[in-house]
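The next block holds one structure in the form of structure tokens; read it before the comments.
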Amino acid sequence: MNFDTYLAYHKSIVDKNPEDLPLPYSKPDYYNYTKLNWSRSNRWLKKAKLSEEVIQLMSEIREPQQWIIITEPWCGDAAHSVPFLHLMSQLNPLITVDYELRDAKPFRINDYLTRNGKSIPKLIIRDTAGNDLATWGPRPEARQKIYDELMAITADVETTKTALQNGYNEDAGKEVQKEIASLLKRVAYKNKI
């Protein structure tokens, strides 16, 4: 699906009553978190500022790329990262993007596990022949470090969500952009040799 279709899918969930939705959205926690993610995603789509480095690197892409973004509306990390990925992809017409749900066919996430888990969002960058050039996800390294530290002390879900949320708000997308910029530099280098 394209980004507009993904947004429409997300909106269709938050516009319904939880009891009218399938699992996991019929669970109040999932439903409420999905509503929060709708607000967070839209805030970034309106207020995100892309760095000059990212803008420059995106303009330097000369070969077509296919980006596959595996996500779900309930994913808090996706609410903060996917809008930036979308905005970046819009800077170059050589980039086509397909959005896939983690929990639906083709279940591509099974080929891109993180520590044996189906963590999302996941970005896969491919060439026109379908070869993987790079992958990224599920969250920036600084957020991953916080997540790992909280998991090591078996922090509760609310503590973990709050810590990650605060980090994303303070960072305002800089880490995601920095890591994608680094990825794009490696892809460009590989294409030159």
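The values are calculated or read from the model by the stated rules, or taken from the named source; none is laboratory data. Source: prediction; values computed, not measured. All Cβ positions, even for glycine, are placed from backbone atoms using ideal geometry, and neighbour counts span all protein chains on display.
Considering only residues that are among the hydroxyl-bearing types (Ser, Thr, Tyr) and part of a loop (DSSP other than H, G, I, E, B), look in the range 114-143 and name the one that is farthest from Leu164 (Cα to Cα). Among them, the one singled out is Thr128.
If you take the residues of the range 93-113 that are outside any strand (DSSP E or B) and within 17 Å of Leu7 (Cα to Cα), which of them is nearest to the chain's Cα centre (by Cα)?
Taking the range 93-113 first, the residues outside any strand (DSSP E or B) are 93-94, 102-113.
Still in the running and within 17 Å of Leu7 (Cα to Cα): 102-104.
Numbers: Arg102: 11, Asp103: 15, Ala104: 16 Å.
Step by step, filter the range 93-113, then rank; the result is Arg102.
Only residues that are out of contact with any Leu (no Cβ under 8 Å at 6 or more places or on another chain), part of a helix (DSSP H, G or I) and in contact (Cβ under 8 Å) with a residue 12 or more places away in the chain were counted across the range 163-177, and they come to 7. Look at (1) surrounded by 11 or more Cβ atoms within 10 Å (Cβ to Cβ); (2) among the hydrophobic types (A, V, I, L, M, F, W, C); (3) at pLDDT 95 or above; (4) more than 17 Å from the chain's Cα centre (by Cα) and you find that Val187 fails only one, number (3). Residues in the range 1-56 that are among the hydroxyl-bearing types (Ser, Thr, Tyr), in a loop (DSSP other than H, G, I, E, B) and touching a Phe, Trp or Tyr at 6+ places or on another chain (Cβ under 9 Å): Tyr25 alone.
For every residue, the table says whether it meets (1) of a type outside the set (Ser, Thr, Tyr); (2) touching a strand residue (DSSP E or B) at 6+ places or on another chain (Cβ under 9 Å).
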{"residue": "Val82", "(1), (2)": "yes, yes"}
{"residue": "Pro93", "(1), (2)": "yes, no"}
{"residue": "Ile153", "(1), (2)": "yes, no"}
{"residue": "Asp156", "(1), (2)": "yes, no"}
{"residue": "Tyr168", "(1), (2)": "no, no"}
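Listed residues Asn2, Asn17, Asn42; which is under 18 Å from the mean Cα position of the chain (by Cα), surrounded by fewer than 17 Cβ atoms within 10 Å (Cβ to Cβ) and either farther than 23 Å from Lys174 by Cα or of a type in the set (Gly, Ala, Ser) (or both)?
Testing whether each residue is under 18 Å from the mean Cα position of the chain (by Cα), surrounded by fewer than 17 Cβ atoms within 10 Å (Cβ to Cβ) and either farther than 23 Å from Lys174 by Cα or of a type in the set (Gly, Ala, Ser) (or both) leaves just Asn2.
The residue that is farthest from the chain's Cα centre (by Cα), counting only those in the range 134-156 that are surrounded by 19 or more Cβ atoms within 10 Å (Cβ to Cβ) and closer than 29 Å to Tyr189 by Cα, is Arg143.
Taking Pro106, is it without any contact (Cβ under 8 Å) to a residue 12 or more places away in the chain and under 23 Å from Ile68 (Cβ atoms)?
Numbers: without any contact (Cβ under 8 Å) to a residue 12 or more places away in the chain: yes; under 23 Å from Ile68 (Cβ atoms): yes.
Yes: the conditions hold for Pro106.
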